[in-house]
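Right, one structure below, let's go through it.
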Amino acid sequence: MTPFQNPTIYIGGLRIDEPVTTITDFLFVGVCVFAFFKTASASNTPAQNLYRWFFLLTGISTFIAALIGHTFLYYFGNEAKIYGWITGVISISFSQFAAIHHVKKRIHQTLFKFLIALCCIEIVIASIAVFWFWTFKVVEIHTAFSLVLIVGTLELFYYKKTKSNLSLFMLYGVGALIIAVLCHVFKIAFSVWFNHADLAHIFMAISMYLMYLGVSKENRISE
């Protein structure tokens, strides 16, 4: 049991573990799905389209992780967590390519190709490592590499060059995500009914909404 884990509840004969953590996971999923559909008209560039798919696939991977890794973990078993982990690795990867395509016109073609190759290699390593080490920490490291190092660095560079709204809100989103990680790492919890994972999920939802604003605002400018 994790520190301050939500108590199990029963609805009729149905056992539900970590109910609040599941609800906050679903909140995050809802924001992801909302962001995907609300930016349908914003997919007029490769970067915007890739960020849209990052929204949707991250939502799907979190939905899988919520059910298998929290709500019904007792039924599926720890081995089933791999489905949420590997889909998480894949979904987060879309943010890397989105950021690289966003800065494409501002960097040398050689650097563009190098970044694409670097991210492809990192994704392969992360995909193998998650099976090899069988731990969620691999997903956390991959997320840090993708969103903090790649997205954060490239969007900061692009914002300084262009004052892009997409870049600015992506940076806001990365900032909110860092807060979410800190909540999880330092186990910041208010009670067993709202623990560190629940708080982290709230900041993750805020992060995704800020990123959604970036994609939608960039579209208004391009129009």
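The values are calculated or read from the model by the stated rules, or taken from the named source; none is laboratory data. This is a predicted model, so every value here is computed, not measured. Glycine also receives a Cβ, built like all others from the backbone with ideal geometry; neighbour counts cover every protein chain displayed.
Could you give me the residue pairs with C-beta distances under 8 Å whose first residue belongs to the stretch 195-220 and is buried (at least 23 other Cβ atoms within 10 Å of the Cβ), whose second residue is among the charged types (D, E, K, R) and assigned to a helix (DSSP H, G or I) wherever it lies, and which are 6+ apart or on separate chains?
His201/Asp25; Tyr212/Lys38; Val215/Arg52
If I ask for residues that are in contact (Cβ under 8 Å) with a residue 12 or more places away in the chain and outside any loop (DSSP other than H, G, I, E, B), which ones from the stretch 1-22 would you list?
Arg15, Ile16, Pro19, Val20, Thr21, Thr22, listed by residue number.
Write out, first by first residue and then by second, each pair whose Cβ atoms fall under 7 Å of each other, whose residues are 6+ apart or on separate chains, and whose first residue, in the stretch 175-190, is farther than 19 Å from Val138 by Cβ while the second is assigned to a loop (DSSP other than H, G, I, E, B) and aromatic (Phe, Trp, Tyr).
Taking only residues 6 or more apart or on different chains, the pairs are Ala189/Phe4.
May I ask you to verify whether Phe55 is in contact with a Phe, Trp or Tyr (Cβ under 7 Å, 6 or more places away or on another chain), touching a residue at least 60 places away in the same chain (Cβ under 8 Å) and of a type in the set (Phe, Trp, Tyr)?
yes
Among the residues of the stretch 149-161, which ones are touching a residue at least 24 places away in the same chain (Cβ under 8 Å) and either surrounded by 17 or more Cβ atoms within 10 Å (Cβ to Cβ) or among the aromatic types (Phe, Trp, Tyr) (or both)? If you could, list the steps in order and put the result at the bottom.
Step one: of the stretch 149-161, the residues touching a residue at least 24 places away in the same chain (Cβ under 8 Å) are 150-151, 154-155, 157-158, 161.
Those that are touching a residue at least 24 places away in the same chain (Cβ under 8 Å) and either surrounded by 17 or more Cβ atoms within 10 Å (Cβ to Cβ) or among the aromatic types (Phe, Trp, Tyr) (or both): Ile150, Val151, Leu154, Glu155, Phe157, Tyr158.
Please enumerate the residues belonging to the stretch 64-106 that are among the charged types (D, E, K, R) and either touching a helix residue (DSSP H, G or I) at 6+ places or on another chain (Cβ under 9 Å) or under 28 Å from Arg15 (Cβ atoms) (or both).
Restricting attention to the stretch 64-106, the residues satisfying the condition of being among the charged types (D, E, K, R) are 79, 81, 104-106.
Across the stretch 64-106, the qualifying residues are Glu79, Lys81, Lys104, Arg106.
Of the residues Val31, Val20, which is among the aliphatic types (A, V, I, L, M) and closer than 12 Å to Ala205 by Cα?
It is Val31.
Which of the numbered conditions does Phe34 fail, given that it passes all the others? Conditions: (1) under 26 Å from Ala129 (Cβ atoms); (2) modelled with pLDDT of 95 or more.
Of everything listed in (1) under 26 Å from Ala129 (Cβ atoms); (2) modelled with pLDDT of 95 or more, Phe34 misses just condition (1).
If we only count helices (runs of 4 or more DSSP H) wholly inside the stretch 40-148, which ones have 2 or more residues that are crowded, with 21+ Cβ neighbours inside 10 Å?
Working: elements: 46-66, 73-76, 81-102, 109-133, 137-143.
Because the criterion is at least 2 residues that are crowded, with 21+ Cβ neighbours inside 10 Å, the helices (runs of 4 or more DSSP H) in the stretch 40-148 that meet it are 46-66, 81-102, 109-133, 137-143.
So which of Thr24, Thr39, Thr45 is touching a helix residue (DSSP H, G or I) at 6+ places or on another chain (Cβ under 8 Å), within 30 Å of Trp193 (Cβ to Cβ) and not aliphatic (A, V, I, L, M)?
Thr24
Suppose we keep only residues that are of a type in the set (D, E, K, R) and surrounded by 22 or more Cβ atoms within 10 Å (Cβ to Cβ) within the stretch 16-39. Which one would you say is nearest to Leu210 (Cα to Cα)?
Asp25
Do we find a residue being outside any helix (DSSP H, G or I), surrounded by fewer than 16 Cβ atoms within 10 Å (Cβ to Cβ) and not hydroxyl-bearing (Ser, Thr, Tyr) anywhere in the stretch 162-171?
yes
Would the stretch 203-221 turn up any residue that is touching a Cys at 6+ places or on another chain (Cβ under 8 Å) and either modelled with pLDDT of 95 or more or part of a strand (DSSP E or B) (or both)?
Yes; the residues of the stretch 203-221 include at least one that is touching a Cys at 6+ places or on another chain (Cβ under 8 Å) and either modelled with pLDDT of 95 or more or part of a strand (DSSP E or B) (or both).
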